[in-house]
Structures are given as C-alpha cells and as structure tokens.
Amino acid sequence: MPLMVDLQLAVADEQIPDKQKFQLWANAAGEACGVNHRELTIRVTDEKESAELNESYRHKIGSTNVLSFPFEDPPGVETSILGDLVICAPVVQREAIEQGKTAEAHWAHMLVHGVLHLCGFDHLHESEADEMEMLETGIITGLGYPPPYNDYSK
C-alpha cells in the first residue's frame with residue numbers, strides 16, 4: 001500500500017513536479033524502507049522559510065535542499081504518521097544546474113533522500129553514508145534516473 005502524501009506548495013514555481021511524481025518517488029523510497037500505510041507531508045518552500053527552519057532545528061545558517069522531520073508517536077499512542085519533509089524549490093533548482101542534472105532527477109533524489117532520513121537512515125559517518133547512498137542509487141536508478149552521485153559536471 002502506498003504512502004499517503006500531503007503536498008503543500010508554499011511557493012509558486014512551474015518547475016515544481018506535480019503531486020503524482022512526488023507520490024511515485026515517495027512510494028519507491030517507502031517500499032525500499034519497508035514502510036507503507038503511512039502518512040507523509042511534503043512542504044515545498046522558498047529560501048526564507050527553509051533558512052528559518054534550518055536555523056531553528058539544525059542550528060545552521062541559510063537555506064538547504066531538504067529537511068526531514070520524523071514523527072515520534074507519543075508514549076502509548078500509535079499513529080500512521082511517518083513525518084514531514086520540507087524541500088526548498090530554489091535550492092533544488094540551483095543544485096540541479098550546478099550538478100548538471102535534470103531538475104526532475106534532482107527533485108526525485110531529494111525526495112528519496114528525505115524519505116530515507118524519515119526511515120532512520122543517516123549519513124553522519126562514512127559507513128552510514130555508504131549504505132544510504134547505495135540505497136538511494138538503487139531507488140533512483142530503479143525509477144529510471146541516472147545514479148544521483150555521478151559527477152555530471154565533467
């Protein structure tokens with residue numbers, strides 16, 4: 001069963017993928033993590049909102065591509081909420097250009113990356129990063145996109 005995606009567009013941009021794409025990418029990542037029947041909110045923002053959230057929750061200055069907020073059920077209560085993703089449209093668009101990727105491929109990668117964080121994956125240590133990158137690459141190439149960590153600038 002697919003993830004239930006609530007898409008919130010806090011910024012207008014014709015290059016933001018449609019809800020069906022977000023749903024497809026979320027389902028692929030959720031399936032790889034073994035999560036289903038879960039609820040996921042995706043909020044697409046501008047740089048100002050991203051920077052405010054990045055500073056408030058990660059204590060880092062400036063906007064970032066994706067922020068992940070896993071939901072923890074209160075003690076004794078079980079919900080179907082996986083968590084929230086906040087994706088900064090201008091950062092994703094800029095990174096796609098800088099990395100020589102199509103915008104769609106980079107959006108897919110950022111969504112998959114965020115869902116994996118919600119599933120408990122991280123990249124703070126090299127062994128974790130290697131595992132997460134291998135999983136991301138498998139999901140992204142399975143969706144028909146090029147491997148996300150290739151150097152496209154050459």
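Read-outs throughout are calculated quantities, based only on the coordinates presented, and are distinct from any laboratory measurement. Because the structure is predicted, anything quoted here is derived from the model rather than measured. Reconstructed Cβ throughout: ideal geometry from the backbone, glycine too, with neighbour counts over all protein chains shown.
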Any idea what the relative contact order of the range 4-142 is, in percent, if you count C-alpha pairs under 8 Å spaced at least 6 apart?
26 percent
Take the alpha carbon gyration tensor of the range 32-143, find the square roots of its eigenvalues, order them as a ≥ b ≥ c, and report rounded if a/c is under 1.5; if not, report prolate when a/b exceeds b/c, else oblate.
oblate
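How much length would be gained if the chain were fully extended between ILE97 and ASP46, taking 0.36 nm per residue of separation minus their Cα-Cα distance, in nm to one decimal? It would help to have the intermediate numbers written out before the result.
Working: separation 51, 0.36 × 51 = 18.36 nm, distance 1.73 nm.
The ILE97-ASP46 span can extend by a further 16.6 nm.
Where the only charges are on Cβ atoms (+1 Lys, Arg; -1 Asp, Glu), what is the dipole of the chain about its Cα centre, to the nearest 20 debye? Don't skip to the end; give the middle numbers.
Numbers: 10 positive and 26 negative charges, 68 e Å.
Around 320 debye, computed over the chain.
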Estimate the FRET efficiency between ASP122 and SER56 by the formula 1/(1 + (r/R0)^6), using the beta-carbon distance for r and 30 Å for R0, to the nearest 0.05.
0.90
So what's the back-of-envelope 222 nm ellipticity for the chain, counting only DSSP H runs of four-plus at -39500 (n - 2.57) apiece and dividing by all residues, rounded to 500?
-14500 deg cm²/dmol
Could you work out the relative contact order of the range 54-101, using alpha carbon pairs under 8 angstrom and six or more residues apart, expressed as a whole percent?
34 percent
If the rule is a partner Cβ under 4.7 Å, which cysteines in the chain fail it?
CYS88
Lys pairs in the chain, Cα-Cα under 24 Å, at least 8 apart or on separate chains: how many?
5
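Listed highest first by mean packing, meaning other Cβ atoms within 10 Å per residue, what order do 113-119, 95-101 come in? Before the final figure, lay out the partial values.
Numbers: 113-119: 23.7, 95-101: 15.1.
Descending packing order for the listed peptides: 113-119, 95-101.
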Whole angstrom only: what separates the Cα centroid of the range 1-55 from the Cα centroid of the range 78-146?
11 Å
